[in-house]
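Student: Before I ask anything, let me first share the structure, which is written out below as structure tokens.
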Amino acid sequence: MELRVIDSIAELRQTLSPLRQAGASIGLAPTMGALHAGHGRLIERAVQENDCAVVSIFVNPIQFNDPGDFKKYPRTLESDMEFCRKLGAAIVFSPTTEEMYPQTSQTFVEVSSLTEHLCGKFRPGHFRGVATVVLKLLEIVQPARAYFGEKDAQQLAVVQRMVRDLNVPVEIVGVPTVRESDGLALSSRNQLLTPAERALAPLLYQALQEAGRCIEKGVVDPARVKRAALTTLDRPEIRVEYFEVVDTDSMHPVERIERPVRVAAAIWLGATRLIDNVAARLRSRTASN
Ligand code: AMP
């Protein structure tokens with residue numbers, strides 16, 4: 001199938017509706033563009049597991065709590081389209097802001113408890129913007145499956161919860177994080193790092209792995225896990241925004257590590273904010289504090 005690039009909601013609906021009626025399954029990979037191999041994995045899954053794969057590329061203004069961040073967010077639509085074509089996507093949906101928000105919205109989706117910590121705590125309104133645009137995209141595309149990266153674990157949890165709470169008939173598929181060979185999680189924001197910052201960036205994943213190793217060895221006190229891991233990030237160039245051991249289901253920090261957890265962190269390297277997370281569970285039978 002030739003790649004079609006569509007920027008109008010009406011045209012996208014007109015294109016997808018007969019396919020859906022003919023029984024074709026639609027897969028959606030929502031992105032903000034500046035596509036890399038992490039997005040590529042989502043798109044590949046959408047292509048493999050559905051009859052028609054739609055990639056949305058939309059830098060969603062209402063999820064940016066910092067207007068400067070929205071302005072400097074990388075935009076590379078031409079090469080993104082080529083990337084999607086090579087992976088076998090059928091449609092790129094790249095609406096303008098006016099198309100998605102013809103007037104100031106009065107309706108927003110708020111997922112409450114899951115967004116109290118981690119990014120939700122430090123980026124007010126961010127997940128409200130994410131949940132709202134994802135619901136809009138699900139309504140527009142009406143896919144059988146939609147693909148999200150585990151790199152943004154809190155976002156994945158928020159979207160899963162939203163579709164459950166609001167009875168949206170879609171399967172949300174989580175896709176494992178794709179990393180550079182030095183461990184750095186691929187991110188569109190990595191291209192904003194200076195060479196010196198890029199050289200330090202893998203320390204984030206190293207610290208998370210250190211935390212994971214502590215937990216696997218049987219350390220159940222999150223404060224102790226954090227102390228051990230944070231020495232890795234103890235550099236003047238790095239500002240740690242948060243480093244938390246959270247319950248996988250609630251995304252709330254745990255007081256004692258008993259069940260499977262996620263260790264999630266956000267750091268600033270100069271003007272660039274990076275996030276990452278790992279899953280961890282106790283392996284040892286003899287837990288120690
Ligand atoms: P973004 O364009 O940053 O909004 O990301 C779009 C989707 O791609 C989200 O579901 C992300 O979680 C996912 N994604 C971004 N980076 C990666 C990565 N390194 N590995 C896997 N998925 C990713």
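The values are calculated or read from the model by the stated rules, or taken from the named source; none is laboratory data. This structure is a prediction, so every number in the text was calculated from the model and none was measured. Here the Cβ is made from the backbone with ideal geometry for all residues, glycine too, and neighbour counts use every protein chain on show. Ligands, DNA and RNA are stripped out before the accessible areas are found, and what is left, the full protein with its side chains, is counted by its heavy atoms. Shrake-Rupley method; radii C 1.70, N 1.55, O 1.52, S 1.80 Å.
Student: Determine, yes or no, whether Ser56 is open to solvent by 20 Å² or more (accessible area, probe 1.4 Å), at negative phi and of a type in the set (S, T, N, Q).
Tutor: Answer is no for this residue.
Student: If a residue must be within 13 Å of the ligand (Cβ to nearest atom) and assigned to a helix (DSSP H, G or I), how many such residues does region 138-193 contain?
Tutor: Qualifying residue count, region 138-193: 16.
Student: Looking at region 138-162 only, could you name the residues that are under 22 Å from His36 (Cα atoms) and open to solvent by 30 Å² or more (accessible area, probe 1.4 Å)?
Tutor: Across region 138-162, the qualifying residues are Arg145, Glu150, Lys151, Asp152, Gln155.
Student: Under 6 Å between Cβ atoms, which residue pairs at least 6 apart in sequence (or on different chains) link something in region 163-185 that is within 30 Å of Ala199 (Cβ to Cβ) and open to solvent by less than 80 Å² (accessible area, probe 1.4 Å) with a partner that is more than 9 Å from the ligand (Cβ to nearest atom) and aromatic (Phe, Trp, Tyr)?
Tutor: Listed pairs, sorted by first residue: Gly183/Tyr205.
Student: Consider region 119-137. How many of its residues are more than 26 Å from Ala89 (Cα to Cα), in a helix (DSSP H, G or I), more than 14 Å from the ligand (Cβ to nearest atom) and open to solvent by less than 50 Å² (accessible area, probe 1.4 Å)?
Tutor: Residues meeting the conditions: 1.
Student: Would you tally the residues in region 221-248 being within 17 Å of Cys119 (Cβ to Cβ) and in contact (Cβ under 8 Å) with a residue 24 or more places away in the chain?
Tutor: Adding up the residues that qualify gives 9.
Student: Moving on. Please indicate, with yes or no, whether at least one residue in region 79-95 is more than 15 Å from the ligand (Cβ to nearest atom) and crowded, with 20+ Cβ neighbours inside 10 Å.
Tutor: Taking every residue of region 79-95 in turn, at least one turns out to be more than 15 Å from the ligand (Cβ to nearest atom) and crowded, with 20+ Cβ neighbours inside 10 Å.
Student: Just to be sure, is Arg4 open to solvent by 70 Å² or more (accessible area, probe 1.4 Å), more than 13 Å from Val141 (Cβ to Cβ), in contact with a strand residue (DSSP E or B) (Cβ under 9 Å, 6 or more places away or on another chain) and within 15 Å of the ligand (Cβ to nearest atom)?
Tutor: no
Student: Which residues, taken from region 26-52, are open to solvent by less than 30 Å² (accessible area, probe 1.4 Å) and among the small types (Gly, Ala, Ser)?
Tutor: Gly27, Ala29, Gly33, Ala34, Gly38, Gly40, Ala46 - these are the residues of region 26-52 that are open to solvent by less than 30 Å² (accessible area, probe 1.4 Å) and among the small types (Gly, Ala, Ser).
Student: Now for a separate question. Which residue is surrounded by the most Cβ atoms within 10 Å (Cβ to Cβ), if the candidates are limited to region 200-253 and must be over 23 Å from the mean Cα position of the chain (by Cα) and among the β-branched types (Val, Ile, Thr)?
Tutor: Taking the candidates together, the pick is Ile215.
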